[in-house]
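*Asks:* Take this structure first; my questions come after.
The values are calculated or read from the model by the stated rules, or taken from the named source; none is laboratory data. These numbers come from a predicted model, not from an experiment. Reconstructed Cβ throughout: ideal geometry from the backbone, glycine too, with neighbour counts over all protein chains shown. Calculation scope for accessible area: heavy atoms of the full protein, side chains included, ligands and nucleic acids excluded. Shrake-Rupley method; radii C 1.70, N 1.55, O 1.52, S 1.80 Å.
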Amino acid sequence: MHHIVYITDNNYVIPTKASINSIVQSITDIEICVNVICVEVTYRNQNAIKNLASKNVKINILNFGNDSNDLGESHHYVSKAALFKFQLPEIFKNLERILYMDGDMIVSRTMIELFDFDITEYYCAAVQDMLACFMGFNKKLRHEKYFNSGMMYLNLKKNERG
């Protein structure tokens with residue numbers, strides 16, 4: 001089974017539901033487990049997310065309630081929920097690979113080719129963010145390439161192998 005991970009708070013439930021629904025509508029050829037890390041999400045909204053499950057798409061809610069994570073309170077530019085991206089390898093240490101997606105992503109066709117992509121020797125597969133590079137964010141951060149962290153195929157076992 002392939003695993004997709006979302007992180008949402010109560011403010012981002014609607015786009016996250018739309019993204020998950022696009023997976024449910026597009027995936028008919030493989031089994032997917034959608035793991036949703038909920039940070040300060042009401043039980044009503046958690047149930048609305050769970051109700052999107054289908055024959056091929058299982059939905060697993062990880063409720064982090066109102067607890068603050070180890071990375072502290074929200075920062076000026078990102079929410080507390082967004083900081084959970086840094087904890088994905090720890091949260092999903094029992095999995096080899098996950099596809100992380102922001103809630104504003106829409107899936108329009110099967111994802112089987114993506115899951116077949118071999119990332120054994122890499123920590124992550126991501127797409128370069130050309131707009132960020134064009135605007136000079138990469139230079140401000142002193143990195144030649146800047147990638148879009150809204151969709152990352154993560155090899156969680158690479159850290160263990162070195």
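*Asks:* Among all residue pairs at least 6 apart or on different chains, which show Cβ distances below 6 Å where the first residue, located in the stretch 6-23, is farther than 21 Å from Leu88 by Cα and the second is surrounded by 15 or more Cβ atoms within 10 Å (Cβ to Cβ)?
*Replies:* Once the first residue is farther than 21 Å from Leu88 by Cα and sits in the stretch 6-23, its partners that are surrounded by 15 or more Cβ atoms within 10 Å (Cβ to Cβ) give Asn21/Leu52; Ser22/Val107.
*Asks:* Now for a different question. What number goes with the only condition from (1) at pLDDT 85 or above; (2) more than 22 Å from Ser19 (Cα to Cα) that Glu144 does not pass?
*Replies:* The number of the failed condition is (1).
*Asks:* Hey, among the residues in the stretch 90-133 that are part of a helix (DSSP H, G or I) and touching a helix residue (DSSP H, G or I) at 6+ places or on another chain (Cβ under 8 Å), which one's surrounded by the fewest Cβ atoms within 10 Å (Cβ to Cβ)?
*Replies:* Among those residues, the one meeting the criterion is Ala132.
*Asks:* Take the conditions part of a loop (DSSP other than H, G, I, E, B), of a type in the set (A, V, I, L, M), modelled with pLDDT under 80 and within 18 Å of Pro15 (Cα to Cα) and apply them to Val78. Does it pass?
*Replies:* When the stated conditions are applied, Val78 passes them.
*Asks:* Then there is this: Any idea which residue in the stretch 30-55 is nearest to the chain's Cα centre (by Cα), counting only those that are under 16 Å from Thr110 (Cα atoms) and of a type outside the set (Asp, Glu)?
*Replies:* Looking at residues that are under 16 Å from Thr110 (Cα atoms) and of a type outside the set (Asp, Glu), I get Val34.
*Asks:* List the number of the failed condition for Glu96; all other conditions in (1) at pLDDT 90 or above; (2) within 12 Å of the chain's Cα centre (by Cα) hold.
*Replies:* Of (1) at pLDDT 90 or above; (2) within 12 Å of the chain's Cα centre (by Cα), only one is false for Glu96: (2).
*Asks:* Gln87 versus (1) open to solvent by 50 Å² or more (accessible area, probe 1.4 Å); (2) part of a helix (DSSP H, G or I); (3) modelled with pLDDT under 90: which is the lone unmet condition?
*Replies:* It fails just one condition, (1).
*Asks:* If you scan the stretch 108-120, which residues turn out to be more than 18 Å from Glu31 (Cβ to Cβ) and in contact (Cβ under 8 Å) with a residue 24 or more places away in the chain?
*Replies:* Those that are more than 18 Å from Glu31 (Cβ to Cβ) and in contact (Cβ under 8 Å) with a residue 24 or more places away in the chain: Ser108, Ile119, Thr120.
*Asks:* Among the numbered conditions (1) surrounded by 15 or more Cβ atoms within 10 Å (Cβ to Cβ); (2) aliphatic (A, V, I, L, M); (3) closer than 21 Å to Met111 by Cα; (4) at pLDDT 95 or above, tell me where Ile27 comes up short.
*Replies:* Only one criterion is unmet by Ile27, namely (4).
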